[in-house]
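Here's the structure, in structure tokens; my notes come after.
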Amino acid sequence: MDVIYVLWLRQVKRYLRSRARIIGSLGQPLLFLIGLGFGLGPVFQKAGQGNYIQFLAPGVIAMTVLFTSVFSGIELIWDRQFGFLKETLVAPVSRLTIMIGRVLGGATVAVGQGIIVVAISLLAGFRFSGLTAVPMALFFMALIALLFTALGTAIASAMSDFQGFQLIMNFLVMPTFFLSGALFPLGDVPWVLKALARINPLSYGVDGLRGALGGTAYFAMTTDIAVLVTVTAGLLLLGGYLFSKIEL
């Protein structure tokens, strides 16, 4: 437990020390909220879909958690390059314990970033559906963060340098976000997009956040939770296995 706490604390301190990273990571959410939220808001309203900011904000929050989570996992490559990972792996504890500490730290950072975007969304005009919105939203943000930090760790465990980083961005992170229903309702899209959304774990995170914060959900909330918990557990096992195979 001490090792898990130390690794968790290191991840959080690294995040808090990097003010440029905190500010820089807010640029994209602001762009989506202002550019799309207000730019496409009138079109969305004329189509009979209501307030676009109210629809979009949960998706932007999920996007923030997604990006921060994956990049927290990929920081493993950075630690490998500069030798910190080697110092950690020679500690007299199991590699699974080390991996759990890193994942918890990365997930905490991602949830913290998501909370900041929630505050920005409120300033942009977003409103909660009720008193239970905040704890449920935190729960879904934590599930999304754990899932994608574990995924990032699993990917980074199989990589030795940053050469594949752009590939991950272009063929994993961005499609995961855009095909999750974060920017458009899933009810009236072609069946191909619906099928892709159903196999995309982030879709259930976005839908859970939208149900918790806005009161409207495409899937059932129980389905959202079940899928996220199942996929998170599977990725934690995969990440733990790949992490255990890292060679010093």
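Since every read-out is calculated from the coordinates, none of them should be taken as a lab result. Please read all numbers here as calculations on a predicted model, not as lab measurements. Note that each Cβ is placed from the backbone with ideal geometry, even for glycine, and that neighbours are counted across all protein chains shown.
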- Note to self: C-alpha centroids of segment 127-147 and segment 171-248 sit apart, in Å, by 15 Å
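Using the Cβ atoms and a cut-off under 15 Å, what net charge is assigned to the surroundings of residue 215, where Lys and Arg are +1 and Asp and Glu are -1?
So the environment of residue 215 carries a net charge of 0.
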- Using mean Cβ contacts within 10 Å as the protection proxy, how do 96-105, 56-65 order, highest first? 56-65, 96-105
- Task: Lys and Arg at +1, Asp and Glu at -1: add these up for the other residues within a Cβ distance under 13 Å of residue 105 and post the number.
- Result: +2
- Descending principal axes extents, the chain, alpha-carbon based, whole Å: 60, 37, 36
- Task: Highest first, please rank the peptides 144-157, 211-224 by the mean number of other Cβ atoms sitting within 10 Å of their residues.
- Result: 144-157, 211-224
- Query: Helix by helix, which DSSP H runs in the chain go 18 Å or more along their axis at the Cα atoms and have an average Kyte-Doolittle hydropathy of 0.0 or more?
  - Reply: 2-17, 52-81, 95-124, 133-157, 201-214, 221-244
